[in-house]
Amino acid sequence: MKITSSLCAALFAGATLLAPAMAAPKIPAGAQKITITLPQGYSASPTTVKAGIPVALTFFLESDAGCGNEVMVPAAKWKKTLKVGQRATLVYTPTKSGTLAFACGMDHIRGSIIVK
Ligand SMILES: [Cu+2]
């Protein structure tokens, strides 16, 4: 676990350094594009995506969501704090069917996407 979290921290540090050049991630052709509007997206009925195909998952913070302004996708080791009106996109390829979970940074407001 320690190795994973320090690797994660290193990745975040790298991402921060590269932030100006990487404001928007490259979205592969054929990616499944999904936008989750927060805060209601935490409780909305989940969207379904296909496994094995990249998902361009955009979180849009429509209005203040409290601690939910910070959103994370644990499976992708991805976390982002949004300001109202801001979007952040994660490109991630789910490899198996099930649910792809996202949550506030404290992991107590949760939502999910169904992977088939
Ligand atoms: Cu929270």
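Throughout, read-outs are computed from the coordinates displayed, never taken from laboratory work. Computed from a predicted structure; not experimentally measured. FYI the Cβ positions are ideal-geometry reconstructions off the backbone, even for glycines, and counts take in every protein chain you see.
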Item checked: Sum of side-chain charges, A44 neighbourhood, beta-carbon under 13 Å (Lys, Arg +1; Asp, Glu -1) -> 0
Next item on the list: Could you work out how far apart the two model spin labels at A51 and R87 are, taking each label as a point 7 Å from the Cα in the direction of the beta carbon, and quote it in nm?
Entry: 2.9
Checklist line | Theoretical gain in end-to-end length, M106 to T35 [0.36 nm per residue, Cα-Cα removed] | finding: 23.4 nm
Next item on the list: Taking the Cβ of L100 as the centre, find all other residues whose Cβ is under 12 Å away and add up their charges (Lys, Arg: +1; Asp, Glu: -1).
Entry: +4
